[in-house]
Amino acid sequence: MFERFWRKEQSSMTGSGLGLAIVKEVVDLHHATLDVTCQNYMGGATFSVTFK
């Protein structure tokens, strides 16, 4: 069986890890674009959705 969502085991991670995957599905359904800008090497990012 194909597993669509998976998560690397890390005790410091919180949340289900499904948020971005769900956003990607919505973006694809609306023929929009999803851009990610990394803030720094420690993490943090800005996600932008553009609807055409």
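Bear in mind these aren't lab numbers, they're just calculated from the coordinates by the rules spelled out. All figures in this text were calculated on a predicted structure; none of them were measured in a lab. With ideal geometry, Cβ positions are generated from the backbone for all residues, glycine too; neighbour counts draw on all protein chains shown.
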Checklist entry - Under a Cβ-Cβ cut-off of 11 Å, what is the net charge of the residues other than PHE47 that fall near it, where Lys and Arg count +1 and Asp and Glu count -1? => result 0
Checklist outcome for this item: Net charge (Lys, Arg +1; Asp, Glu -1) of residues whose beta-carbon lies under 11 Å from that of LEU34, LEU34 excluded, is -2
